[in-house]
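Read the structure below first, then the notes.
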């Protein structure tokens with residue numbers, strides 16, 4: 001085909017670094033590339049990828065994690081290496097030809113880069129798996145610990161419900177699938193490895209989102225704040241790893257010590273170190289009344305989407321008495337599902353919520369309804385540049 005080589009050369013030259021500072025444009029390019037792949041694939045190729053190929057790549061990736069290859073390779077400074085060198089970097093004895101076959105697959109899947117016969121170069125992604133300053137290894141393990149259980153069980157679970165939309169937080173595909181028969185947030189507390197993998201996944205996943213201070217006017221919160229009474233500036237309700245408050249500090253580093261509060265269950269925040277005196281940790285269950293009154297803002301990021309409407313209303317009503325009229329706001333940072341043209345990010349999270357929590361992503365109208373049902377008023381919705389998530393501003397009615 002005339003000109004094909006030139007087109008391929010241009011496409012293969014693109015990297016994420018080319019879109020530095022232009023994340024929205026990068027995501028548009030990524031969405032177009034995915035559509036292109038789908039259009040070029042035959043039906044048989046699509047079926048092979050869905051049913052067979054991806055699960056094998058996941059397994060190879062996890063085996064290399066289990067034998068310590070990713071940590072060993074990163075600790076050795078990365079760089080191109082022969083398979084014979086790489087097998088020497090593992091912490092568990094692994095046959096050379098076994099590793100050769102796994103690396104061949106991971107090279108074809110672009111997890112690593114094949115540079116010659118039995119020779120490979122790490123990618124930024126594979127190096128991050130072995131980097132203990134990231135949570136990438138835990139994020140990968142979360143697939144086995146949590147998501148495979150409920151996602152693979154979803155067809156049989158829905159068959160048991162006669163294909164009715166799951167809306168009961170006590171009856172989910174996750175509960176139906178795991179041996180302990182526990183909801184995800186209860187099972188999360190039973191084992192340190194479950195906590196680490198879920199927390200690691202959510203932390204790495206948070207990097208995919210546009211930080212809320214980049215598209216919401218956080219300066220207006222600070223300018224109108226009165227901290228003289230000792231009430232905090234922002235209370236992050238169910239904040240888990242503190243990433244959202246840390247992003248706020250990146251933008252406003254001169255906030256007073258202790259002016260930010262991170263609230264979550266004791267098991268969720270135990271052992272958490274944020275290395276700043278600006279953020280105080282506080283045990284809190286949002287199904288009980290909010291103990292801190294008069295904060296400028298109560299922030300909930302991807303908390304309410306975990307629960308059906310009745311429980312969302314209860315969580316909001318527990319915050320309501322803490323609000324100071326004309327001063328306090330509830331800031332709900334969530335996906336606002338479009339009525340048409342949902343992204344893969346939005347649509348996949350919606351079905352994941354169905355499987356894991358019998359919950360769902362809401363449209364703007366659905367958000368307005370649960371907010372009004374709690375006796376509160378939606379003031380505005382500020383969307384991120386991609387149109388994926390928004391900050392919904394809520395006040396006393």
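The values are calculated or read from the model by the stated rules, or taken from the named source; none is laboratory data. Quantities reported herein were computed from a predicted structural model and do not represent experimental measurements. All Cβ positions, glycine included, derive from the backbone under ideal geometry; neighbour counts span all protein chains shown.
Checking the structure you have, find out if any residue of the range 211-224 is within 25 Å of residue 313 (Cβ to Cβ) and touching a helix residue (DSSP H, G or I) at 6+ places or on another chain (Cβ under 8 Å). Yes, there is a match, as at least one residue in the range 211-224 is within 25 Å of residue 313 (Cβ to Cβ) and touching a helix residue (DSSP H, G or I) at 6+ places or on another chain (Cβ under 8 Å).
How about the range 170-205: which of its residues are farther than 21 Å from residue 244 by Cα and surrounded by fewer than 17 Cβ atoms within 10 Å (Cβ to Cβ)? Result: 170, 171, 179, 180, 181, 182, 186, 189, 190, 191, 192, 193.
How about the range 258-284: which of its residues are in a loop (DSSP other than H, G, I, E, B), in contact (Cβ under 8 Å) with a residue 12 or more places away in the chain and out of contact with any strand residue (DSSP E or B) (no Cβ under 9 Å at 6 or more places or on another chain)?
277
If you go through the range 380-397 and keep only what is over 15 Å from residue 319 (Cβ atoms) and free of Cβ contacts under 8 Å to residues at least 60 places away in the same chain, you end up with 380, 381, 387, 390. Among the residues of the range 61-85, which ones are under 12 Å from residue 112 (Cα atoms) and surrounded by fewer than 19 Cβ atoms within 10 Å (Cβ to Cβ)? Matches in the range 61-85: 78, 79, 80.
Let me spell it out: the conditions are (1) outside any loop (DSSP other than H, G, I, E, B); (2) free of Cβ contacts under 8 Å to residues at least 40 places away in the same chain, and residue 162 meets all of them except one. Which number is the exception? Going through the list (1) outside any loop (DSSP other than H, G, I, E, B); (2) free of Cβ contacts under 8 Å to residues at least 40 places away in the same chain, residue 162 breaks only (1). Reported count of residues in the range 86-112, each being loosely packed, with under 15 Cβ neighbours inside 10 Å, part of a helix (DSSP H, G or I) and within 27 Å of the chain's Cα centre (by Cα), is 1.
Within the option set 179, 155, being outside the structural domain of residue 311 (by TED's automatic domain parsing) and part of a helix (DSSP H, G or I) holds for one residue only, 155.
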